[in-house]
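Trainee: Questions regarding the structure given below will be posed in turn.
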Amino acid sequence: MSSMKDREEGFERKFAFDEELRFKASARRNRALGMWAAEKLGKSGAEAEAYAKQVVVADIEEAGDHDVFRKIRKDFDEAGVDQSDHQIRRTMDELMAQAIEQIKNT
């Protein structure tokens, strides 16, 4: 019986670890995405940093990446930045992969 309890606790620890990794990776990805989008929007320096923070905060609106995507899409449309939905989502995926690798290597 103790073996099953240990196994269950192991699964719970793994789940908690994976969720923490996902949270950290999402925040790191969103910051990098914000910096990428800021560059496309012609922002630099403190203005780019502030924009990246807005992208990170945008992720709090709902579960998943839809809120972040909508923010970037809306801002690009308003500024006349020519980036397709596919290009934005591809960049999001690439930056997530980089963020996960960075976190695993720290």
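The values are calculated or read from the model by the stated rules, or taken from the named source; none is laboratory data. Predicted, not measured: the structure shown is a model, and the values here were computed from it. Methodologically, a virtual Cβ is constructed for each residue, glycine included, from the backbone with ideal geometry; neighbour enumeration extends over all protein chains shown. Ligands, DNA and RNA are stripped out before the accessible areas are found, and what is left, the full protein with its side chains, is counted by its heavy atoms. Shrake-Rupley method; radii C 1.70, N 1.55, O 1.52, S 1.80 Å.
Trainee: Is there a pair in K53/K74; K43/K104; K53/K104; K74/K104 whose C-alpha atoms are over 27 Å apart, and which pairs would that be? Walk me through the numbers on the way to the answer.
Mentor: Values: K53/K74 16 Å; K43/K104 30 Å; K53/K104 23 Å; K74/K104 32 Å.
Check vs 27 Å cut-off fails for K43/K104; K74/K104.
Trainee: Provide T91, T106 ordered by accessible surface of protein heavy atoms (probe 1.4 Å), highest first.
Mentor: Details: T91 15, T106 130 Å².
Heavy-atom accessible area, descending, gives T106, T91.
Trainee: For K40, which aspartates and glutamates qualify as cross-link partners when the Cα separation must be under 12 Å and same-chain residues fewer than eight apart are set aside?
Mentor: Result set, ordered by chain and number: D75, D77, D82.
Trainee: Shifting gears a bit: Going Cα to Cα from K5, which lysines come in below 25 Å? Please leave out same-chain ones fewer than 8 positions away.
Mentor: K5 reaches K14.
Trainee: May I pose another question? Net charge around T106, counting only other residues with Cβ within less than 11 Å of its Cβ (Lys, Arg = +1; Asp, Glu = -1)?
Mentor: Numbers: positive: K24, R28, K104; negative: E101.
With Lys, Arg at +1 and Asp, Glu at -1, the net is +2.
Trainee: Okay, moving on. If you roll a 1.4 Å probe over the chain with all protein chains in place, what percent of the accessible area is carbon or sulfur?
Mentor: Answer for the chain: carbon and sulfur cover 53 percent of the accessible area.
Trainee: Over the chain, what relative contact order in percent results from Cα pairs under 8 Å that are six or more residues apart?
Mentor: Details: 76 pairs, mean separation 33.2, N = 106.
The value is 31 percent.
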